[in-house]
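In what follows, a structure is listed as structure tokens, so that the remarks can point back to it.
Values quoted throughout were computed directly from the atomic coordinates according to the rules given, and no laboratory measurement underlies them. Keep in mind that this is a model prediction, so the values were computed, not measured. All Cβ positions, glycine included, derive from the backbone under ideal geometry; neighbour counts span all protein chains shown.
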Amino acid sequence: MLKTNWLEKSYLFLAGTVLLSFGMNDRAEAQPGHVPQTNTDDDNLMSEMADKAAAITQKMAKMAESKVKPRAIQFYSQNCPFCVMFDQVIDNVKGKFADKVDFQLVDARDPANAELVARYNVTQVPTLMCVDEEGDKVSGIIGYMGADDVNWALYRLVTSGQQAYAAGH
């Protein structure tokens, strides 16, 4: 049995819906005595939609191969005492989510990380940014927080995709 995550299921559902709608349109016109009329615009639109469905299927396959997981990006500074305490909290919580979330530690003051700091609008440390597989923010924590808050942010991260998938059905 093929094991899929919520994102793969969403892509399968979308691709199947698009392809099924093409099949239904063809069957509706293929009645005895009915001569379907061809319309170049309709043919182009159907071809374009088929190409999009194929692209979605390819993207789904690539994601299945890469095993992309959501990320918890911890922004810190080397001379920040609250960052040290926050790091200990995250280390204590990390085990519960290690199989579902990739954890990343980023020095916010390092010029090499300036693009990532700007992308997530990090203005103070410590900051924990929880982002989905595509890099979009799901939840986050700014400043020092305890284990309950970190657990909640990570829980929201790992369940956000499942809720989005369920809401689509």
From phi via Karplus (6.51, -1.76, 1.60), per-residue ³J(HN,Hα) for segment 94-107 in Hz, x at Gly/Pro:
3, x, 5, 10, 4, 7, 10, 9, 8, 9, 10, 10, 10, 6
Within segment 73-88, the residues whose backbone N lies under 16 Å from a label point placed 7 Å from the Cα of residue 107 along the Cα-to-Cβ direction are 74-81, 83-84
